[in-house]
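Please read the structure below before turning to the comments.
The values are calculated or read from the model by the stated rules, or taken from the named source; none is laboratory data. Small disclaimer: the values here were computed from a predicted structure and weren't measured. Every residue, glycine among them, receives a Cβ derived from its backbone with ideal geometry; neighbour counts consider all protein chains shown.
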Amino acid sequence: MSERPPAAVVWDLLRGGLSARAVALVVELGVPDALGDGPRPVGELATETGADGETLYRLLRALASDGVFAEVEPGVFRHTEASEALREGDGWSDFARLFGGVWHRTAGELQADGHPTFDRIHGTDFWSWLAAHPRERKSFDRAMEYGTERRADLLGVVDWRGDESVVDVGGGSGALLVSLLARRPELRGVVLDLPETVRDEAALGERIAFVEGSFFEKVPPADVYILGGILHDWDDENATRILRTMRLSARDGSRLLILDAVMAPGNDPNGSKWLDLLVLALLGGKERSEAQWRELLTAGGWNPLRFHESLIEAVPAP
């Protein structure tokens with residue numbers, strides 16, 4: 001296959017903001033669910049969703065040119081496999097609202113000064129803003145559940161030792177811990193997160209408890225700690241604080257499992273290299289290479305043991 005023309009590569013990068021906003025708009029209107037299981041005229045969709053008919057057509061036409069929806073005859077659209085993923089409850093609908101909504105402006109005003117954009121735009125940090133916006137908090141928590149099964153599968157390489165206690169630090173709704181314990185019924189767990197976290201505590205079952213708290217202040221003692229996509233949200237100073245707080249509670253023989261990207265050198269396509277820019281704009285966070293992870297863990301009182309794909313194992317430093 002021949003390489004794409006340079007102009008096509010640049011064009012796809014330049015229009016990325018439009019793409020994100022177009023996807024967010026059709027999701028916010030409820031088009032993926034309104035479209036249902038068969039083709040429908042755009043006029044019907046516009047009436048049902050309250051959109052301007054011509055504008056909705058233009059949005060769907062643009063998205064269809066990239067394989068999201070398909071125009072089967074003039075003005076009539078159907079789902080594709082890609083657009084099906086935008087229906088409610090699949091995770092991508094919440095990501096669409098975030099990427100094309102509050103994250104859209106934040107990324108659009110990213111500067112090269114090394115500081116988060118979000119604080120400058122909104123006058124507060126992202127987490128405080130989420131706490132004050134329950135609708136977006138709910139959407140964020142649902143989005144963070146996407147990929148839970150894959151993350152639980154990654155934990156399958158760990159040498160589990162039987163009746164261990166596991167604390168999912170910053171574990172959100174607890175979906176990851178629920179999935180892990182379904183695979184490892186001998187374990188018992190705690191989800192530690194902020195009080196405003198949206199969760200269904202009844203769904204956690206009898207072997208998982210939700211503890212309200214901040215990982216900057218105190219973490220319950222445990223045999224195993226999980227940090228699933230947490231440390232990349234923070235700069236080195238704050239990430240070190242989190243690790244040191246956990247180290248204070250760690251027992252002899254405790255282990256730390258970090259589910260985060262390990263950035264590889266080279267030019268191969270890697271979504272984490274773009275996610276790195278998003279967490280910079282939102283939070284001042286960063287994705288890290290293996291060398292950076294080793295340095296961070298050492299500073300936080302942990303010894304790195306093994307690096308797997310998107311999984312790092314560490315133990316308390318003496």
Residue match in the stretch 37-48 (condition: under 20 Å from R97 (Cα atoms) and outside any helix (DSSP H, G or I)): no
Members of the stretch 65-91 found to be more than 22 Å from A143 (Cβ to Cβ), β-branched (V, I, T) and surrounded by 14 or more Cβ atoms within 10 Å (Cβ to Cβ), listed by number: V76
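Taking the options A107, A112, A62, name whichever one is surrounded by fewer than 21 Cβ atoms within 10 Å (Cβ to Cβ), in contact with a Ser or Thr (Cβ under 9 Å, 6 or more places away or on another chain) and either in the same structural domain as S19 (by TED's automatic domain parsing) or without any contact (Cβ under 8 Å) to a residue 24 or more places away in the chain (or both). Step through it out loud before you land on a result.
Values: A107 fails: either in the same structural domain as S19 (by TED's automatic domain parsing) or without any contact (Cβ under 8 Å) to a residue 24 or more places away in the chain (or both); A112 fails: in contact with a Ser or Thr (Cβ under 9 Å, 6 or more places away or on another chain).
Of A107, A112, A62, the one residue that is surrounded by fewer than 21 Cβ atoms within 10 Å (Cβ to Cβ), in contact with a Ser or Thr (Cβ under 9 Å, 6 or more places away or on another chain) and either in the same structural domain as S19 (by TED's automatic domain parsing) or without any contact (Cβ under 8 Å) to a residue 24 or more places away in the chain (or both) is A62.
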Meets criteria (surrounded by 17 or more Cβ atoms within 10 Å (Cβ to Cβ) and within 23 Å of A24 (Cα to Cα)) for A132: no
Residue that is surrounded by the fewest Cβ atoms within 10 Å (Cβ to Cβ), among those in the stretch 1-13 that are charged (D, E, K, R) and outside any helix (DSSP H, G or I): E3
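Please go through the stretch 93-104 and give me each residue that is buried (at least 18 other Cβ atoms within 10 Å of the Cβ), assigned to a helix (DSSP H, G or I) and not aliphatic (A, V, I, L, M), ordered by number.
At the first step, the residues of the stretch 93-104 found to be buried (at least 18 other Cβ atoms within 10 Å of the Cβ) are 93-103.
Still in the running and assigned to a helix (DSSP H, G or I): 93-99, 102-103.
Listed by number, the residues that qualify are S93, D94, F95, R97, F99, W103.
Every residue, every condition in (1) at pLDDT 95 or above; (2) surrounded by 14 or more Cβ atoms within 10 Å (Cβ to Cβ); (3) under 23 Å from R150 (Cβ atoms); (4) not assigned by TED's automatic domain parsing to the domain that holds R288, yes or no:
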position	(1), (2), (3), (4)
D168	yes, yes, yes, no
L180	yes, yes, yes, no
L192	yes, yes, yes, no
A202	no, no, no, no
I226	yes, yes, yes, no
L231	yes, yes, yes, no
R244	yes, yes, no, no
A250	yes, yes, no, no
R255	yes, yes, yes, no
Given (1) modelled with pLDDT of 90 or more; (2) closer than 25 Å to L277 by Cα, number of the condition P221 does not satisfy: (2)
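Does the stretch 133-145 include one or more residues that are of a type in the set (G, A, S) and free of Cβ contacts under 8 Å to residues at least 24 places away in the same chain?
no
Tell me, which residue of the stretch 14-32 that is aliphatic (A, V, I, L, M) and crowded, with 20+ Cβ neighbours inside 10 Å is farthest from F95 (Cα to Cα)? Before the answer, list the steps.
If we filter the stretch 14-32 for residues that are aliphatic (A, V, I, L, M), which is where we start, we get 14, 18, 20, 22-27, 29, 31.
Of the ones still in play, those that are also crowded, with 20+ Cβ neighbours inside 10 Å are 20, 22-24, 26-27, 31.
Details: A20: 10, A22: 13, V23: 10, A24: 9, V26: 13, V27: 10, V31: 16 Å.
The selected residue is V31.
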Residue in the stretch 204-224 that is farthest from the chain's Cα centre (by Cα), counting only those that are surrounded by 14 or more Cβ atoms within 10 Å (Cβ to Cβ) and among the hydrophobic types (A, V, I, L, M, F, W, C): A222
Any hit, the stretch 287-305, residues being of a type in the set (K, R), within 25 Å of M144 (Cα to Cα) and surrounded by fewer than 20 Cβ atoms within 10 Å (Cβ to Cβ): no
Condition check for R294: touching a helix residue (DSSP H, G or I) at 6+ places or on another chain (Cβ under 9 Å), in the same structural domain as D163 (by TED's automatic domain parsing) and either more than 20 Å from F215 (Cα to Cα) or not in a helix (DSSP H, G or I) (or both): no
Odd one out for D268, checked against (1) modelled with pLDDT under 95; (2) part of a helix (DSSP H, G or I): (2)
